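Colleague: Okay, here's the structure, questions in a sec.
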Amino acid sequence: MANETKKNTKKPKFSPYWIYGIIIAIFLGMQLFGGSAFVNSKEIKTSDFISYLEQGDVKEVILVGNTKTAKVFLTDEALKKEVHKNAKPSSFMTTSKAANYSLKFGDLQNFENRIDDIITERNLDTTRDADVESNMWGEFLLTLLPFALIIGVWIFIMRRMSSGGGGGAGGQIFNIGKSKAKLFDQNTEVKTSFKDVAGLEGAKEEVQEIVDFLKNPEKYTSLGGKIPKGALLIGPPGTGKTLLARAVAGEAKVPFFSLSGSDFVEMFVGVGASRVRDLFKQAKEKSPSIIFIDEIDAIGRARGKNNFSGSNDERENTLNQLLTEMDGFGTNANVIVVAATNRADVLDKALMRAGRFDRQIFVDLPDVRERKEIFEVHLKPLKKAKDLDTDFLSKQTPGFSGADIANVCNEAALIAARHGKKAVEKQDFLDAVDRIVGGLEKKNKIITPAEKKAVAFHEAGHATVSWLLEHAAPLVKVTIVPRGRSLGAAWYLPEERLIVRPEQMLDEMCAALGGRAAEKVIFDQISTGALSDLEKVTKQARAMVTIYGLSDKVGNLTYYDSSGQNEYGFTKPYSEQTAELIDKEISDIIEKQYQRAIDLLKKNKDKLTLLAEELLEKEVIFKDNLEKIFGPRPFGKEEEQTLAVE
């Protein structure tokens with residue numbers, strides 16, 4: 001009962017409608033004291049007024065001297081006349097009568113004398129009055145209106161603030177320096193755990209130790225150890241950095257503040273630094289706690305770079321405050337910062353040092369074994385076929401991130417549902433990989449027979465050269481069905497290498513040029529269809545010469561800058577003579593491999609033609625078709641690699 005009484009005596013929530021009432025009252029006051037009507041009087045000419053006056057239709061004339069306006073009121077008999085049918089009637093709720101007509105005049109004295117003369121000559125009952133004071137009130141209210149509106153809006157904002165309406169416009173203005181972090185604690189159920197994070201064994205081990213430190217600090221402090229200040233998750237997009245942080249929130253059982261780096265950015269000066277201070281203030285009050293900043297590169301970029309304006313950089317102020325809070329003079333313990341980025345090369349060195357981010361955890365793309373574990377996680381909610389082989393699926397997705405694998409599983413389920421299947425089968429996953437990597441199949445794309453033949457020989461050229469070279473990845477599937485922006489595609493099995501030797505790179509370049517070489521051998525012409533192949537080999541050749549130091553002419557030099565500060569910006573790290581040497585070496589490498597592909601195809605022209613004709617007939621051919629034409633690969637080793645698209 002006491003609670004009920006307290007609830008009933010609680011101050012009622014403030015309603016914003018009263019501000020609208022004030023505004024309406026102001027306008028009504030203008031109408032009331034300004035002498036104007038809700039319906040404006042019809043304006044007439046002076047000559048018409050004189051005519052109406054001489055005819056005896058005018059009952060009263062009120063002259064407003066300061067505005068040089070005359071208000072004309074007609075007699076009851078005049079209002080019945082046809083000529084006055086459009087005259088405005090008297091309005092309501094005004095202290096002064098609303099005129100039927102109004103007109104503008106020039107000199108007040110002359111106009112008064114003229115009216116008086118007509119009244120005297122015609123012996124009329126018309127009265128003439130003056131009304132200056134009412135319009136003075138109107139002008140005063142018009143001057144007062146903007147100030148009244150400003151004061152009313154200010155009172156509205158302050159009342160909303162005092163009544164706890166911080167979620168409104170006023171609250172947003174005054175809370176703009178507050179942190180936007182979402183708090184996850186014992187009252188917020190986070191279901192993600194480390195069991196849901198497949199693969200990433202090394203990264204999980206690092207962050208699990210942080211969680212263990214928060215749960216059992218004595219285990220480490222008894223030996224003199226200190227809790228890490230921060231952990232930075234680095235890796236390509238989609239590898240599971242945010243998922244790992246979500247698992248930390250689910251496992252740590254301590255207050256977990258989550259936000260993005262862009263949440264600190266605002267158009268007002270000083271807001272970013274204020275939000276950093278407020279964030280760490282909240283975290284320290286709830287310590288031990290964890291702060292997770294996703295995409296920290298939004299505020300953590302290196303200071304002093306590309307700042308040509310010379311103005312105060314709000315982002316740098318935010319970063320400076322973050323550096324101070326993480327490891328400054330008055331830093332408190334038991335607040336761990338976990339951050340994630342896929343652009344670690346642009347981060348400020350002061351942010352990366354030990355004492356701020358003690359651990360830099362690399363979250364790389366998963367290998368075959370890790371991809372199998374990821375598939376098993378994402379296959380759990382699917383109704384899959386009983387004989388589905390996850391080992392096979394993991395081998396068909398080289399270079400795929402965890403997000404890509406999740407997309408493959410979802411796309412396979414959609415494809416199976418589209419075909420009315422009761423379970424997701426192996427072929428659905430293969431179609432999903434084709435869909436994601438190659439693009440949507442364009443069945444209605446118009447292609448001429450000549451173009452189709454050129455595409456068939458182009459793709460057959462890739463298949464032939466890659467089959468005949470030892471270090472090139474053998475093709476397992478070739479198609480001339482248009483997908484995405486390509487007219488055909490060659491799917492091959494690249495070996496997942498940790499180091500690459502020059503002969504391996506050269507064989508891959510030769511296989512990539514096999515398409516253009518086939519066009520030259522068969523048609524004695526080349527086309528624009530080799531654009532992606534040329535882009536690929538040019539990048540490989542340039543990397544051999546300028547990055548990996550695999551060129552005899554240039555030598556054991558690299559012009560690669562791992563810090564990312566000078567990627568051939570305004571100045572190149574080599575002379576013009578070296579630039580000419582590099583260009584010539586790149587061109588020589590590519591031309592040599594192109595000629596090598598031509599020689600290979602000339603020796604096997606008949607087999608190339610058979611393969612292209614079969615491709616024209618079936619549109620899609622596989623490894624078995626290549627073995628029938630070329631026989632087993634002459635290198636005598638089992639191919640246990642994985643699938644990709646060329």
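Colleague: Tally time: how many residues in region 200-255 are outside any helix (DSSP H, G or I) and either of a type outside the set (S, T, N, Q) or under 20 Å from Lys284 (Cβ atoms) (or both)?
Modeller: Number of matching residues: 22.
Colleague: Let me ask you something else. If you go through region 205-240, how many residues are farther than 19 Å from Ala339 by Cβ and polar (S, T, N, Q)?
Modeller: 3
Colleague: Six or more apart or on different chains, Cβ atoms under 9 Å: show the pairs whose first residue is in region 45-61 and within 19 Å of Thr127 (Cβ to Cβ) and in a strand (DSSP E or B) and whose second is among the acidic types (Asp, Glu) and at pLDDT below 85.
Modeller: Taking only residues 6 or more apart or on different chains, the pairs are Lys59/Asp76; Lys59/Asp125; Glu60/Asp129; Val61/Asp129.
Colleague: Can you pull out the residues in region 437-454 that are out of contact with any strand residue (DSSP E or B) (no Cβ under 9 Å at 6 or more places or on another chain) and either buried (at least 19 other Cβ atoms within 10 Å of the Cβ) or small (Gly, Ala, Ser) (or both)?
Modeller: Ala450, Ala454
Colleague: Looking only at region 602-618, count how many residues are free of Cβ contacts under 8 Å to residues at least 60 places away in the same chain and among the hydrophobic types (A, V, I, L, M, F, W, C).
Modeller: 1
Colleague: Looking at region 260-272 only, could you name the residues that are at pLDDT below 85 and either surrounded by 20 or more Cβ atoms within 10 Å (Cβ to Cβ) or polar (S, T, N, Q) (or both)?
Modeller: Correct list: Gly261, Ser262, Asp263, Phe264, Gly272.
Every residue, every condition in (1) outside any loop (DSSP other than H, G, I, E, B); (2) at pLDDT 85 or above; (3) among the polar types (S, T, N, Q); (4) more than 26 Å from the chain's Cα centre (by Cα), yes or no:
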| position | (1), (2), (3), (4) |
| --- | --- |
| Arg275 | yes, yes, no, no |
| Gln282 | yes, yes, yes, yes |
| Ile291 | yes, yes, no, no |
| Lys305 | no, no, no, no |
| Ser311 | no, no, yes, yes |
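Colleague: For region 397-416, check the following and say yes or no: at least one residue is closer than 30 Å to Thr221 by Cα, modelled with pLDDT under 90 and either open to solvent by less than 70 Å² (accessible area, probe 1.4 Å) or over 28 Å from the mean Cα position of the chain (by Cα) (or both).
Modeller: no
Colleague: Further question: Go through Ala517, Ala512, Ala490 for me and flag whichever is under 36 Å from the mean Cα position of the chain (by Cα) and modelled with pLDDT of 90 or more.
Modeller: On inspection, the qualifying residue turns out to be Ala512.
Colleague: Say we look at region 29-79 and pick out the residues that are touching an Asp or Glu at 6+ places or on another chain (Cβ under 7 Å) and β-branched (Val, Ile, Thr); which of these is modelled with the lowest pLDDT?
Modeller: Only one residue fits best here, namely Val64.
Colleague: Can you find, within region 99-123, the residue that is nearest to Gly65 (Cα to Cα) among those that are among the polar types (S, T, N, Q) and part of a helix (DSSP H, G or I)?
Modeller: Result: Gln109.
Colleague: For the subset of region 520-530 comprising residues that are at pLDDT below 90 and assigned to a helix (DSSP H, G or I), which member is most open to solvent (accessible area, probe 1.4 Å)?
Modeller: Thr528
Colleague: Report yes if Ala460 is closer than 30 Å to Val500 by Cα, out of contact with any Ser or Thr (no Cβ under 7 Å at 6 or more places or on another chain) and in a helix (DSSP H, G or I), otherwise no.
Modeller: yes
Colleague: Give the number of residues within region 313-335 that are modelled with pLDDT under 75 and open to solvent by less than 30 Å² (accessible area, probe 1.4 Å).
Modeller: So the count comes out to 1.
Colleague: Evaluate region 463-471: report whether one residue or more is more than 31 Å from the chain's Cα centre (by Cα) and among the acidic types (Asp, Glu).
Modeller: yes
Colleague: For Thr5, only one of the following conditions fails: (1) open to solvent by less than 100 Å² (accessible area, probe 1.4 Å); (2) outside any loop (DSSP other than H, G, I, E, B); (3) in contact with a helix residue (DSSP H, G or I) (Cβ under 9 Å, 6 or more places away or on another chain); (4) modelled with pLDDT under 80. What is its number?
Modeller: Result: Thr5 passes all but (3).
Colleague: While we're here: Which residue, of Val338, Val433, Val424, is over 28 Å from the mean Cα position of the chain (by Cα), of a type in the set (A, V, I, L, M, F, W, C) and open to solvent by less than 40 Å² (accessible area, probe 1.4 Å)?
Modeller: Of Val338, Val433, Val424, the one residue that is over 28 Å from the mean Cα position of the chain (by Cα), of a type in the set (A, V, I, L, M, F, W, C) and open to solvent by less than 40 Å² (accessible area, probe 1.4 Å) is Val424.
Colleague: Continuing with this model, one more query. Give the residue that is least open to solvent (accessible area, probe 1.4 Å), with candidates limited to residues of region 571-590 that are of a type outside the set (Val, Ile, Thr) and closer than 21 Å to Glu508 by Cβ.
Modeller: Result: Glu585.
Colleague: I've got another one for you. Scan region 344-395 for residues that are open to solvent by less than 20 Å² (accessible area, probe 1.4 Å), closer than 20 Å to Asp294 by Cα and part of a helix (DSSP H, G or I) and jot them down.
Modeller: Answer for region 344-395, where residues must be open to solvent by less than 20 Å² (accessible area, probe 1.4 Å), closer than 20 Å to Asp294 by Cα and part of a helix (DSSP H, G or I): just Leu351.
Colleague: Only one of these is out of contact with any His (no Cβ under 9 Å at 6 or more places or on another chain), more than 16 Å from Leu475 (Cα to Cα) and at pLDDT below 90: Lys618, Lys637, Lys628, Lys605. Name it.
Modeller: Exactly one of Lys618, Lys637, Lys628, Lys605 is out of contact with any His (no Cβ under 9 Å at 6 or more places or on another chain), more than 16 Å from Leu475 (Cα to Cα) and at pLDDT below 90, namely Lys618.
Colleague: Under 7 Å by Cβ, and 6 or more places apart or on different chains, what pairs join a residue from region 439-461 that is farther than 20 Å from Ala612 by Cα with one that is modelled with pLDDT under 80 and of a type in the set (Gly, Ala, Ser)?
Modeller: Gly439/Gly484; Leu440/Gly484
Colleague: (1) over 30 Å from Ala198 (Cα atoms); (2) of a type in the set (D, E, K, R); (3) surrounded by fewer than 22 Cβ atoms within 10 Å (Cβ to Cβ): which one isn't true of Glu459, the others all being true?
Modeller: Exception for Glu459: condition (3).
Colleague: Please name all residue pairs, on different chains or six or more residues apart, with Cβ atoms under 7 Å, provided the first residue is in region 241-259 and is surrounded by fewer than 20 Cβ atoms within 10 Å (Cβ to Cβ) and of a type outside the set (A, V, I, L, M) and the second residue is in a strand (DSSP E or B) and at pLDDT 85 or above.
Modeller: So the pair list comes out as Thr242/Asp294; Thr242/Ala340.
Colleague: Looking at (1) modelled with pLDDT of 75 or more; (2) more than 30 Å from Leu214 (Cβ to Cβ), which one does Met161 not meet, given that it meets all the others?
Modeller: (1)
The values are calculated or read from the model by the stated rules, or taken from the named source; none is laboratory data. Just so you know, these numbers come straight off a predicted model, no measurement behind them. Here the Cβ is made from the backbone with ideal geometry for all residues, glycine too, and neighbour counts use every protein chain on show. Quick note on the areas: whole protein, heavy atoms, side chains included, nothing else; ligands and nucleic acids left out. Shrake-Rupley method; radii C 1.70, N 1.55, O 1.52, S 1.80 Å.
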